[in-house]
């Protein structure tokens, strides 16, 4: 691929690639132009947010769909994306495998490539569950890292204070920290209610180290890369799911420096499910192991269909934790389909009857 004035020109295409960006913040006229280009071949690559999924976005020549951070998309949204083309290739990517993904993988519906190694020079993030009586000791660790010239995130479940929930809000925590434990440092506040331009400016300042601590809601769950940030505090950690906790932790550990994830809980004993999630976060930084814990806790949902959690498995003998049995079953299924893909042979009539409910579920999902 060659470049001409910053534009890539593949030799096999004979012209520059046409790349378009479609987001919800564009003007109606801009969206209309991009929709027209997508529908009539005026774009080679379309990059977009969930706006790409809107009904009036037609991509008849879609050959490949790539979904990044796939856990942010629902079942029907992924189906909708595939339906925009004629059975396009689909690549889904995530740093946080979710139970449904794990279940589909075991059933053989997806082929998986796994990058299990950390980038060279990086260290695993040290994760600590901090209970209420241990907060002051945790603030000592945060101040130590800030004094060393590093930065920190503080994540809160809510934007503003709630009368019904006993958790710290981002606005409340921002004021408390800059008047108390972190008053010697520069703090910024970020949350999803702010205009996009304001959010971008805050993140740019934090990226330039014009602020030491960023107090935020879950808006920073993905897409944030600040290598100098080595500490992330998650307030009300028991209120987040494993997938989201793991994503938050991924905001640090992006340099050779040792990084820390501090899980602040509001109670000494937050309950058995929350305890299991927090203990799992402390025990491992492996996203696939966390997905297995999440799967065991929540259930796999339907392998085909729309339910993404709960004990709705259509399996009658095996469990999703019976990896060896399921892998063997997948191998046998592949052998049968290789010789009789429509299950029309006399030897396979009973099997054809048994799989009919699965096929009906698959039809409903599509």
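Values quoted throughout were computed directly from the atomic coordinates according to the rules given, and no laboratory measurement underlies them. All values derive from a computational prediction rather than experimental measurement. In this analysis, Cβ positions are derived from the backbone assuming ideal geometry, glycine residues included, and neighbour counts consider all displayed protein chains.
If the chain linking residue 93 and residue 134 were pulled fully straight, counting 0.36 nm for each residue of separation and taking away their Cα-Cα distance, it would gain 11.1 nm.
One decimal place: the segment residue 225-residue 269 gains 12.5 nm when fully extended, by the rule 0.36 nm per residue minus the C-alpha distance.
Each of residue 113 and residue 200 was given a label point 7 Å from its Cα along the Cα-to-Cβ line. The distance between the two points is 3.2 nm. In terms of other Cβ atoms within 10 Å, 73, 358, 206 run from fewest to most in the order 358, 73, 206. Both the radius of gyration and Dmax for the range 22-84 are 11.4, 31 Å, in that order, over alpha-carbon atoms.
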